[in-house]
Amino acid sequence: MLQHLSFSCLSPLHAGVLAFVGTAWCCGALIWHLEQQDLAQQRHQVSGLASDHARSLQRGIESALSANNVLVALVRQGQGEVQGFEAIGGQLLPFYPGIVAMGLAPNGVVQKVVPAQGNEALLGFDQLNDPAQGAEAALARDSGQLTLAGPLPLVQGGVGVVGRHPVYLSDERGQRHFWGFTHVTIRIADVLAAANFPQLVERGYQYRLSRVLPHTGQTQEISVSSPPPGSRPVVHGLSLPNGQWSLAVTPTQGWGSPVRLVGRGLLGLLMSLLIGHLVRLLLQLKAHERDLESLVHARTAEIFSTQQQLQATVDAIPDMLLELDDHGRFLQIDHAHANALALPAAKLLGRYLWEVLPEESSKTLVAALEEARQQGCSTGQQICLPMPEQGQSWFELSVARKAATSDSAPGYVLLARDITQQRAALEKIEHLAHFDHLTGLPNRALLAQRAAQMIDRQRSHNGNLAVLFLDLDHFKNVNDSLGHRMGDALLVTLAQRLQTLAREQDTVSRLGGDEFLLLLPDTEAEAAARMATHLLRGLSEPCQLEGHELSTTLSIGISIFPKDGEHFDTLYQRADAAMYRAKRSGRNRYSFFTADLEASSARALMLENALHRALERQQFALHYQAQVALQTGQIVGAEALLRWQHPEWGPISPAEFIPIAENSGMIIAIGEWVLATAARDAKRWLDQGIGLRTVSVNLSAVQFRHPQLLEMVSRCLDEAQLPGHRLELELTEGAAVDDPASALDVMTQLHERGAHLSMDDFGTGYSSLNQLKRFPLGKLKIDQSFVRDVHEDANDRAIISAIIHMAQALGMRTTAEGVETEAQRAFLLEQGCDEGQGYLFSRPLPVAAFEALLHQQQS
Ligand SMILES: Nc1nc2c(ncn2[C@@H]2O[C@@H]3COP(=O)(O)O[C@H]4[C@@H](O)[C@H](n5cnc6c(=O)[nH]c(N)nc65)O[C@@H]4COP(=O)(O)O[C@H]3[C@H]2O)c(=O)[nH]1
């Protein structure tokens, strides 16, 4: 565990190096310890050897010196006189081999010496006063002890050691006095022979025998091997009379054994390398083991996750998953979606597909299996299975061949996707692609196909095809006033009527909006006209829709194949142009295509292009039409009416260009110009003291819905510095009732800004009284269509009367438009209408003329 912890963070190489260093350190310590032990043992041996030799030496010297004791005894016995010394000495000498001379030296001067031969020079030698021996002789005398002096050069020649024993005698009075010395001289060679140093050298040791000079403290070398001993010798001391000798010994080869040391070092190194290597190998093995373990883990996790993924994928696939054997028998069914089958899964397993599937489906599936067997897979085949509750379900098949493995036979994996809804959706899409979703009538695409077919057929037998382009009159008003839901309901009703009015061979299609197109095969112009009249009559019948009685008229344009065109596109465009002419001619009628029609649609395009530049080229002007109080005949207001004077085409009616400006969006910029100009004119008249109550400006529905309307109105008023209550904005019914909630919002804001609001052309739309009550309107303008026929049409009279009374009930004023006759004025006055506007009082006038009229009235 510890090893695992300590080495786990190291690489095998580092761990190996660490183990090597550790082992090397341990080996080093062991080797050092062994070496120390060996050294101690060796030193112990050397010490024993040195001790043996030192003891032999010491014994030799002591034995020779012991002769002094005899001499001292002789001197003491004779009280300083030794008779027959030569004879006694001669007898003693054989007992002390190695002694060169022994003698007596009263007062330090040698008097007697044996053997006399060879020692003649010694007689008379004054030991105390000799420069070489005086100091040691004095030491002997003063210490009173046997003292060994030397090695020193001997008087009789050579080098030797002298053992002196001072002798003190007592006189008659018992006083001790120095008598002199007894001395024994030993040649150094003889001294050293006792130690047998050569044997030491032979045995492989080096030595040094030395002594410390007692009087100087210096070391005197007595005998030394060649070469002398090395460092850290074993030193053995010799205790000699009144002196200290020491024997230092070292092995000739030095301490220890370098060879052994090197051997041990190499062994240690080898062991360290081996252990380092083993540790490295061990860790490598462990790491490899761990790698293998994590690889096994990773692989196991991968397999597990793949299995999970596979299972999740199978679960996520909305299709049924089945397995069949090579003979078409069901082997396995994925349980997640097995309920999509009519039969329970248990009843399918082990059965042949043709036993359980309907014949047709079984054939398709067998074909799919065959295709998969040959090509590996098969996709796109569809089968239909009867379902107990839903009738039948469609499935799209994907089959893949499964190759045989060592433990499974070949077979097929089959995915069956329920495409019942998809097929239904496709059918729906197919239907939508060809039929109008609101009315269910063929749409443009199907119309074009059928038209092409009909044209081909008519061409083949020189027949005619009538193309009738139908557009409802004022359908926009229905949408604007009653909402799109009602508009749609009306369209559906009219579509149904169209189908009942048409013949079986005819095609009735809806182009979009309120436009329909009829294809009448084998129909020439006269029959087409009859059919058009039939349609006009049939469609103008009132419809009852959600409590509303709606009656609508339509305009029809007719073109005939092949007279008006060889292709459907041409026939279509020409019928459309003819329909526009029917509209312009007063609506609720039909019109045939004629060559001059193409010119008028070209004019609309031309006008639109010219309108783009009309503002910047200052082609617009305002005319004002007086609004007169019916009671007094006074001009109380004016309506600003836009005029467009084109340099080439002359004046163009607002009834023609305002719809173009509205459709193209140009009405926003043009409308702002109108409001700004009218506000400036009104301010000028105010400044001139002309007392008009308000100046009215028409506000198109497009302007009314524009998000910056309030800012625009405020800006114009501010720039002209005209008080808001001097401005009246004329709204159309359509603008007000399309989205009553936001219309109320806008009207309230305009009202709060001070402007008066009036409802223009009142009576032509479908305004609801409830809504009208909530709007901050100050005035209703009765549409001139009611005023025009007021004397012929009792209906119109009733409508005018109702409008006036309703306005009065709501606290609103009324202005009648298009008052041309005195009788009309009188009727309106009688009904309580407040104001009138019309040619009876004044036509719309250019600014200067209108100003003149105002001034004339004032004066
Ligand atoms: N038969 C007959 N007609 C009379 C009589 N008195 C007036 N009129 C005409 O009736 C129209 C009244 O204007 P409107 O109903 O607002 O109808 C206007 C209005 O809806 C629109 N319009 C005109 N100027 C503007 C404008 O500045 N802005 C907007 N948005 N629309 C405008 O164009 C329409 C037609 O304008 P105009 O051609 O100027 O036609 C004017 C005027 O010339 C009369 O006694 N008998």
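Please state, to two decimals, what the Cα-based radius of gyration of the stretch 157-230 comes to when divided by 2.2 N^0.38 Å (N = residues).
Values: Rg = 18.5 Å, N = 74, 2.2 N^0.38 = 11.3 Å.
Relative to the rule-of-thumb radius for its length, the stretch 157-230 sits at 1.64.
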Worksheet item: Distance from the Cα centre of the stretch 792-827 to that of the stretch 584-630, in angstrom?
Response: 29 Å
Discussion item. Can you compute the modelled spin-label distance between D739 and E323, with each label point 7 Å from Cα toward Cβ, in nm?
Written reply: 6.2 nm
Worksheet entry | FRET E, pair T306, K428, Förster distance 51 Å, beta-carbon r, rounded to 0.05 | 0.80
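Once you've got the Cα coordinates, tell me which of K363/K402; K363/K428; K476/K781 are over 23 Å apart. Walk me through the intermediate numbers first.
Numbers: K363/K402 21 Å; K363/K428 28 Å; K476/K781 20 Å.
As for pairs spanning more than 23 Å Cα to Cα, those are K363/K428.
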Worksheet item: If only Cα atoms are counted, what is the Rg of the stretch 368-477, and what is its Dmax, in Å?
Response: 24.8, 81
Item to complete: For the chain, restrict the atom set to alpha-carbon positions and state the Rg and Dmax in Å.
Response: 73.9, 212
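Give me the net charge of Q625's neighbourhood, meaning all other residues with Cβ under 11 Å from the Cβ of Q625; Lys, Arg count +1, Asp, Glu -1. Don't skip to the answer; put the middle values down first.
On the way: positive: R843; negative: E639, E817.
Here the count lands on -1.
If I take every Cα pair under 8 Å that is 6 or more residues apart in the stretch 435-595, average their sequence separation and divide by the length, what percent do I get for the relative contact order?
On the way: 292 pairs, mean separation 45.1, N = 161.
Computed over the stretch 435-595, the figure is 28 percent.
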Worksheet item: M806 versus F95, label points 7 Å from Cα toward the beta carbon: distance in nm?
Response: 18.2 nm
Fill in: Gap separating the Cα centres of the stretch 29-75 and the stretch 133-192, nearest whole Å
25 Å
Fill in: Cα long-axis angle, helix 12-65 against the chain (0 to 90 degrees, to the nearest 10)
10 degrees
Practice prompt. Starting with the fewest neighbours, write out Y839, Y580 ranked by other beta-carbon atoms found within 10 Å of each beta-carbon.
Written response: Y839, Y580
Discussion item. Tell me the net charge near W255. Cut-off is 10 Å between Cβ atoms, W255 excluded, with +1 for each Lys or Arg and -1 for each Asp or Glu.
Written reply: 0
Worksheet entry | Sparse-neighbourhood loop sites, GluC sites (Glu not before Pro) in the stretch 1-109 - DSSP loop, at most 12 other Cβ within 10 angstrom | E81
Item to complete: Please compute the Cα-Cα pair-distance distribution of the stretch 435-595 with 5 Å bins starting at 0, giving whole percents from short to long.
Response: 2, 10, 20, 23, 21, 13, 7, 3, 1, 0, 0
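Which trypsin sites (Lys or Arg not before Pro) from the stretch 546-620 combine a DSSP loop assignment with at most 16 other Cβ atoms within 10 Å? Display every interim value, and only then the final one.
On the way: sites: K563, R574, R581, K583, R584, R587, R589, R603, R613, R617; in loops: K563, R587, R589, R617.
Here the sparse-neighbourhood loop sites are K563, R587, R617.
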Worksheet item: Excluding N196 itself, what net charge comes from residues whose Cβ is under 14 Å from its Cβ, given Lys and Arg +1 and Asp and Glu -1?
Response: 0
Fill in: Principal-axis tilt of helix 258-316 within the chain, Cα atoms, nearest 10 degrees
20 degrees
Response to the item:
In whole Hz, the Karplus estimates of ³J(HN,Hα) for the stretch 163-179 (6.51, -1.76, 1.60; θ = phi - 60°; x where Gly or Pro) are x, 10, 10, x, 10, 10, 10, 9, 7, 4, 7, x, 8, 7, 9, 5, 8
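Please arrange T594, T694, T553 by counting, for each residue, the other beta carbons lying within 10 Å of its beta carbon, fewest first. Walk me through the numbers before you get to the answer.
On the way: T594 12, T694 21, T553 15.
Placing the least packed residue first, the sequence is T594, T553, T694.
Take each of the peptides 90-101, 185-196, average the number of other beta-carbon atoms within 10 Å over its residues, and list them starting from the highest.
On the way: 90-101: 16.3, 185-196: 19.8.
Answer by packing, highest mean first, reads 185-196, 90-101.
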Worksheet entry | Proxy reagent accessibility, fewest Cβ within 10 Å first, across E136, E515, E359 | E359, E515, E136
Worksheet item: How far, in degrees from 0 to 90, does helix 484-501 lean away from the longest principal axis of the Cα atoms of the chain, to the nearest 10?
Response: 60 degrees
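Taking only Cα atoms of the stretch 617-858, what ratio of Rg to Rh do you get with Rh as the Kirkwood inverse-distance radius? Working shown, then result.
Working: Rg = 17.3 Å, Rh = 18.3 Å.
My calculation puts Rg/Rh at 0.94.
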Worksheet item: Expressed in nm to one decimal, what extension gain is obtained for the pair A602 and T570 from 0.36 nm per residue of sequence separation less their Cα-Cα distance?
Response: 10.0 nm
Worksheet item: Simple spin-label model, 7 Å along Cα-to-Cβ: Q382 to R232 in nm?
Response: 10.7 nm
Fill in: Residue-averaged 222 nm ellipticity for the chain, from DSSP H runs of 4+ at -39500 (n - 2.57), nearest 500
-15500 deg cm²/dmol
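Only the coordinates and a few stated rules stand behind these numbers; no lab work does. Keep in mind the model is a prediction, meaning the values are calculated, not measured. With ideal geometry, Cβ positions are generated from the backbone for all residues, glycine too; neighbour counts draw on all protein chains shown.
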